[in-house]
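Heads up, the thing below is written out as structure tokens.
The values are calculated or read from the model by the stated rules, or taken from the named source; none is laboratory data. None of the values given here were measured: they were computed from a predicted structure. Cβ placement follows ideal geometry from the backbone for every residue including glycine, while neighbour counts extend to all protein chains displayed. These accessible areas exclude ligands, DNA and RNA; they are computed on the full protein's heavy atoms, side chains included. Shrake-Rupley method; radii C 1.70, N 1.55, O 1.52, S 1.80 Å.
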Amino acid sequence: MMIPACPLADLPRGEAFRLETDPPVTVFHTDDGELFAIDDTCTHQDASLADGWVEGCWVECPLHASKFNLKTGEVDAPPAKLPVRTHEVVVQDGMIYVQLSTAAPNLPHCVTARLAGALA
């Protein structure tokens, strides 16, 4: 599923834009001008990676400092142990679109339980 995120002109370099999908996805525009989209939730605990710090192609979780690679989703160090899901980003006619991954997300247990409750 291709989801429109925002106009490229509205997302300055070094900033992030959170999509209110379920689970949320965040688009990052790096200082180098690259665009990446990953699940917004840290795999360790319910924290928004959109609130984290971006350096190069890494984003640091604002709670416990695990870093996630924006290209691959891999995590560098505990407490997070699982990668975040990555999504394809496409820019067409100045608009950023996110192609959602069909892989299962690696969400922390508290978020998985909350989403399951919302579906019940």
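If a/c stays under 1.5 just call it rounded; otherwise compare a/b with b/c (prolate if a/b is bigger, oblate if not). Do that for the chain, with a ≥ b ≥ c from the square roots of the Cα gyration tensor eigenvalues.
Numbers: a/c = 2.00, a/b = 1.25, b/c = 1.60.
Note, shape of the chain comes out oblate.
Can you work out the Karplus-derived ³J(HN,Hα) for every residue in the range 4-18? Use 6.51 cos²θ - 1.76 cosθ + 1.60 with θ = phi - 60°, whole Hz, and x for glycine or proline.
With the stated coefficients, the range 4-18 comes to x, 9, 6, x, 4, 5, 8, 10, x, 4, x, 10, 10, 10, 8 Hz.
Looking at the range 33-120, which trypsin sites (Lys or Arg not before Pro) are DSSP coil and have at most 16 other C-beta atoms within 10 Å of their C-beta? Please list the in-between numbers first.
On the way: sites: Lys67, Lys71, Lys81, Arg85, Arg114; in loops: Lys71, Lys81, Arg85.
Within the range 33-120, the qualifying trypsin sites (Lys or Arg not before Pro) (loop, at most 16 other Cβ atoms within 10 Å) are Lys71, Lys81.
With a 1.4 Å probe and every protein chain kept in, tell me what percent of the accessible surface of the chain is carbon plus sulfur.
Details: 3380 of 6510 Å².
The nonpolar share, carbon plus sulfur, comes to 52 percent.
What's the extension gain from Arg114 to Val91 if we count 0.36 nm per residue and subtract their Cα-Cα distance?
Contour length minus the Cα-Cα distance gives 5.0 nm.
Helix 109-119 sits at what angle to the longest principal axis of the chain, using alpha carbons and giving 0 to 90 degrees rounded to 10?
It works out to around 80 degrees.
Quick one: check the C-alpha center-to-center distance for the range 36-76 versus the range 4-25, whole angstrom.
15
Any idea of Glu55's accessible area? Nearest 10 Å², probe 1.4 Å.
Solvent-accessible area, nearest 10 Å²: 140 Å².
Just to confirm, what accessible area per residue do you get for the chain at 1.4 Å probe, in whole Å²?
Values: 6510 Å² over 120 residues.
I get 54 Å² per residue for the chain.
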